[in-house]
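First comes the structure, then the notes that go with it.
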Amino acid sequence: MSNTLFEKIAAREIPATIVYEDSQILAIRDINPQAPSHILIFPKKPISRIADAGPEEAGLLGHLLLKAAEIAKKEGLAAEGYRIVINNGPHGGETVPHLHVHVLGGRRMQWPPG
Ligand code: AMP
């Protein structure tokens, strides 16, 4: 049995709308979207959070980030722009302890974030 929510989604134990998958990562639509396009991209390997990633994960993290930009482009977000977010720990707003990147687009974002 899988442990984290995103492991369960990767194992098809919990349904999700998958927008991209390869041997290392999965991209799904967020269940509670905060923008017209809101996609979560995570490694299948359950790294808890960015603060827990070591140098051995550099290749995986680079792959994750480059795919985030590629997926944003496929979503039609490249021309107007979009935001990539990683929430780390309680003050960062992290609720799922399995490292993931948010890609948000389709509306103008505010800065600083609330
Ligand atoms: P974070 O707050 O950065 O940990 O992000 C977790 C994200 O996962 C939130 O934006 C949630 O809306 C999203 N989420 C929670 N459960 C699911 C689910 N079953 N399928 C898709 N997204 C989910």
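Any idea which of Ala78, Ala11 is modelled with pLDDT of 95 or more, touching a Ser or Thr at 6+ places or on another chain (Cβ under 8 Å) and among the hydrophobic types (A, V, I, L, M, F, W, C)?
Details: Ala78 fails: touching a Ser or Thr at 6+ places or on another chain (Cβ under 8 Å).
Of the residues listed, the single one that is modelled with pLDDT of 95 or more, touching a Ser or Thr at 6+ places or on another chain (Cβ under 8 Å) and among the hydrophobic types (A, V, I, L, M, F, W, C) is Ala11.
Under 9 Å by Cβ, and 6 or more places apart or on different chains, what pairs join a residue from segment 74-98 that is free of Cβ contacts under 8 Å to residues at least 40 places away in the same chain and part of a loop (DSSP other than H, G, I, E, B) with one that is acidic (Asp, Glu) and open to solvent by less than 50 Å² (accessible area, probe 1.4 Å)?
Ile86/Glu94; Asn87/Glu94; Asn88/Glu94
I need a count of the residues in segment 8-67 that are open to solvent by 60 Å² or more (accessible area, probe 1.4 Å), under 19 Å from Glu94 (Cβ atoms) and either aromatic (Phe, Trp, Tyr) or part of a helix (DSSP H, G or I) (or both).
Residues in segment 8-67 being open to solvent by 60 Å² or more (accessible area, probe 1.4 Å), under 19 Å from Glu94 (Cβ atoms) and either aromatic (Phe, Trp, Tyr) or part of a helix (DSSP H, G or I) (or both): 4 in total.
In segment 74-86, which residue that is closer than 21 Å to Gln24 by Cβ and not acidic (Asp, Glu) is surrounded by the fewest Cβ atoms within 10 Å (Cβ to Cβ)?
For segment 74-86, the residue satisfying everything is Lys74.
Name every residue in segment 21-42 that is of a type outside the set (A, V, I, L, M) and away from the ligand (no atom under 14 Å from the Cβ), in order of residue number.
Glu21, Asp22, Ser23, Gln24, Pro36
Take Ile71 and tell me if it is β-branched (Val, Ile, Thr), assigned to a helix (DSSP H, G or I) and either open to solvent by 60 Å² or more (accessible area, probe 1.4 Å) or within 17 Å of Val19 (Cβ to Cβ) (or both).
Details: β-branched (Val, Ile, Thr): yes; assigned to a helix (DSSP H, G or I): yes; either open to solvent by 60 Å² or more (accessible area, probe 1.4 Å) or within 17 Å of Val19 (Cβ to Cβ) (or both): yes.
Yes: the conditions hold for Ile71.
For Ala27, all conditions in the list (1) more than 14 Å from Leu104 (Cα to Cα); (2) in contact with a Phe, Trp or Tyr (Cβ under 8 Å, 6 or more places away or on another chain) hold save one; what is the number of the exception?
So Ala27 meets the others, but not (1).
Restricting to segment 44-73, name every residue that is without any contact (Cβ under 8 Å) to a residue 24 or more places away in the chain and aliphatic (A, V, I, L, M).
Within segment 44-73, Ala58, Leu61, Leu66, Ala69 qualify.
So which residues in segment 90-106 are loosely packed, with under 13 Cβ neighbours inside 10 Å and over 15 Å from the mean Cα position of the chain (by Cα)?
Pro90, His91 - these are the residues of segment 90-106 that are loosely packed, with under 13 Cβ neighbours inside 10 Å and over 15 Å from the mean Cα position of the chain (by Cα).
The values are calculated or read from the model by the stated rules, or taken from the named source; none is laboratory data. Model, not experiment: these values are computed from the prediction. All Cβ positions, glycine included, derive from the backbone under ideal geometry; neighbour counts span all protein chains shown. Heads up: the accessible areas ignore ligands, DNA and RNA and are worked out on the full protein's heavy atoms, side chains in. Shrake-Rupley method; radii C 1.70, N 1.55, O 1.52, S 1.80 Å.
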